[in-house]
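Student: Have a look at this one.
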Amino acid sequence: MTGANGVCRPCSLVVHEPHAILFENIHPRAAERLEGRGCTVETETFAPTPEALVERLRSVPGEGPLVIGIRSKTKVTAEVFERVPRLAAIGAFCIGTDQIDLDEARSHGVAVFNAPFSSTRSVAELVIGEIIALARGLFEKSTAAHAGRWAKSAKGAHEVRGKSLGIVGYGHIGSQVSILAEALGMKVRYYDIVAKLPLGNAVAVSSLDELLAASDFVTLHVPDTPRTRGMIGREALDRMRPGAYLINASRGTVVDLEALAEALDQGRLAGAAIDVFPVEPKRPDEPFDSVLRGRANVLLTPHIGGSTQEAQANIGEEVAAALASFFERGSTGGGVVLPSLDEPLAEGVERIWNVHRNVPGVLSAIVGLVAQAGVNIVGQHLATRDDVGLVFVDVPAAERLEVERLAAQIEALDTSIRTRIVRGRV
Ligand code: NAI
């Protein structure tokens, strides 16, 4: 449907199958999953410019909702949302969403999904590998062997069984590390600012200082926040046990690397493994530099915590599943910009899905329209997030004509941003 200004209008109240274009070589599992749910899928290896993206999307025939799958290189700017009203959802097949203008996405009622947990296990396994590698001096001994030296010695080499591991941040990754480390016989303690259920025999401690003082290995799994920036600086490093090891595969801002280099040079710490840096090269051909380079007791890795084939496949699976649920039942659970709502859609029921400005009176206006239409409400669910609200009005599928009329009236409310009818499996 084309409006007077040549802009494609969404025809949201007629239920069409979604059309997805997956850019940037997204793992094939995503296309398989979406196709399996009745979605038309095109795949591309390149990252389009915003202009090319607009042209490409506007050239998709039909009137159904559009979905794009991107990774970090495709910028989705305000112009894209303005000029492609059919764009209903974006799958960011990565962890970050900085490449998308999220405020515009929200104000246009476009759902954005990413994959924050797909690499959890990969990071946890890297950390476990690093704990053992540090405890046995693997990097140093392997480097010596490569150089033709036979550095056979037990000096400074230890089993990890029975050693204490301090986990800072007991979220998805921290708690996975906890389980794996206990399987190796480590004694696990953790510190988190939020009360977290201890897994296995892990023990929560009440302060970072307590954790640092009690751990042979300290591993960091916190997000980048004002509170975690520089969290492990000189003072924190001084509180660590003499001869302890530090591992950081969280964010580069958490550790003061100058202070860490000093602690290593003075022999206060026995070693470190660092996967993330305050400044990281953007491309493989950009040089990497760090004050930690050239130390045999330091493992330096190029932010590869989540870089495994399994994590890539999980990303494809996780984001495609979120997109499929979005079209099947209107779920925004785990999304980045819209209020989070995920409710099953019973057989024989249709759902009017409405994103609106979160101002007083919206719900009563919607309920008033439903009452006027004489449509029976089977279920109603509301969630809000900042200045936007999302409501599901579930009604009997048998009343289809009334439902379409009612949805059109709800869409016409001046508070409405986006309205559609969800009819179960796409
Ligand atoms: P998460 O959000 O599940 O867990 C973070 C935990 O840290 C939460 O339990 C939170 O309460 C806690 N926390 C926040 N501030 C804290 C503070 N000041 N002190 C103590 N605890 C605090 O996050 P997830 O998925 O476990 O990721 C952890 C980190 O790993 C993130 O920074 C993420 O960016 C990074 N990451 C790194 C990867 C890599 O390739 N190296 C790949 C994936 C994630």
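Student: Show me 181-192, 365-376 ranked by packing, highest mean number of other Cβ atoms within 10 Å first.
Tutor: Going by the mean number of other Cβ atoms within 10 Å, highest first, we get 181-192, 365-376.
Student: Calculate what fraction, in whole %, of the accessible area of the range 120-300 sits on carbon and sulfur atoms when a 1.4 Å probe is rolled over the protein chains.
Tutor: 55
Student: Placing one identical point scatterer on every Cα of the range 309-426 and ignoring solvent, what is log10 I(q)/I(0) from the Debye formula at q = 0.11, 0.12, 0.22 Å⁻¹?
Tutor: Cα-only, vacuum Debye calculation for the range 309-426: -0.37, -0.43, -1.24.
Student: Per-residue ellipticity at 222 nm for the chain, helices alone: DSSP H runs ≥ 4 residues times -39500 (n - 2.57), over residue total, nearest 500 deg cm²/dmol?
Tutor: It lands at -9500 deg cm²/dmol.
Student: What is the Å³ per residue value for the convex hull set by the Cα atoms of the chain?
Tutor: About 166 Å³ per residue, rounded to a whole number.
Student: Taking the Cβ of residue 404 as the centre, find all other residues whose Cβ is under 14 Å away and add up their charges (Lys, Arg: +1; Asp, Glu: -1).
Tutor: +1
Student: Right, next: Taking the mean number of other Cβ atoms within 10 Å as a proxy for protection, how do you rank 160-167, 317-324, 407-414 from highest to lowest?
Tutor: Descending mean neighbour count gives 317-324, 160-167, 407-414.
Student: How tilted is helix 172-183 with respect to the longest principal axis of the chain? Cα atoms for both, answer in degrees (0 to 90, nearest 10).
Tutor: Taking the Cα atoms of the chain, the angle to 172-183 is about 40 degrees.
Student: Continuing with the same structure: I'm a student and want to see the number: the projected area of the Cα convex hull of the range 120-300, averaged over all directions, in nm².
Tutor: 10.7
Student: Which FRET efficiency, nearest 0.05, do residue 414 and residue 16 yield, Cβ-Cβ r, R0 25 Å?
Tutor: Efficiency, from the Cβ-Cβ distance: 0.45.
Student: I would also like to ask the following. Convert each backbone phi in the range 310-317 into a coupling constant with the Karplus relation 6.51 cos²θ - 1.76 cosθ + 1.60 (shift: θ = phi - 60°), then list the ³J(HN,Hα) values in order as whole Hz, x for Gly and Pro.
Tutor: 5, 5, 4, 5, 4, 4, x, 5
Student: Then there is this: Dividing the alpha-carbon radius of gyration of the range 306-352 by 2.2 N^0.38 Å (N being the number of residues), what value is obtained?
Tutor: Compared with the compact-globule rule of thumb, the range 306-352 sits at 1.40.
Student: If the cut-off is 25 Å between C-alpha atoms, which lysines fall inside it for residue 187, apart from same-chain ones fewer than 8 positions away?
Tutor: 155, 163, 196
Student: Separate question: Taking the Cα atoms only, what angle lies between the long axis of helix 362-373 and the longest principal axis of the chain, rounded to 10 degrees?
Tutor: Around 40 degrees separate the two axes.
Student: Report ³J(HN,Hα) in whole Hz for each residue of the range 218-228, in order, from the Karplus equation J = 6.51 cos²θ - 1.76 cosθ + 1.60 where θ = phi - 60°; Gly and Pro get x.
Tutor: For the range 218-228, the Karplus curve yields 10, 10, 9, 9, 10, x, 8, 9, x, 6, 8 Hz.
Student: Which ³J(HN,Hα) values, rounded to whole Hz and listed in residue order, are derived for the range 411-418 from phi using the Karplus coefficients 6.51, -1.76 and 1.60 in 6.51 cos²θ - 1.76 cosθ + 1.60 with θ = phi - 60°, glycine and proline given as x?
Tutor: Using θ = phi - 60°, the values come out as 4, 7, 4, 6, 8, 6, 9, 7 Hz.
Student: Place the peptides 250-256, 308-314, 78-84 in order of packing, highest mean first, counting for every residue the other Cβ atoms within 10 Å and averaging per peptide.
Tutor: 250-256, 78-84, 308-314
Student: What full-extension length gain, to one decimal in nm, is calculated for residue 145 and residue 289 as 0.36 nm per residue of separation minus the Cα-Cα distance?
Tutor: Separation in residues times 0.36 nm, less the Cα-Cα distance, equals 49.3 nm.
Student: Another one. If you consider only alpha-carbon coordinates, what radius of gyration and Dmax does the range 192-242 have, in Å?
Tutor: My reading of the Cα-based Rg and Dmax gives 11.7, 32 Å.
The values are calculated or read from the model by the stated rules, or taken from the named source; none is laboratory data. Here the structure is a predicted model, which means the values were calculated and not measured. All Cβ positions, glycine included, derive from the backbone under ideal geometry; neighbour counts span all protein chains shown. These accessible areas exclude ligands, DNA and RNA; they are computed on the full protein's heavy atoms, side chains included. Shrake-Rupley method; radii C 1.70, N 1.55, O 1.52, S 1.80 Å.
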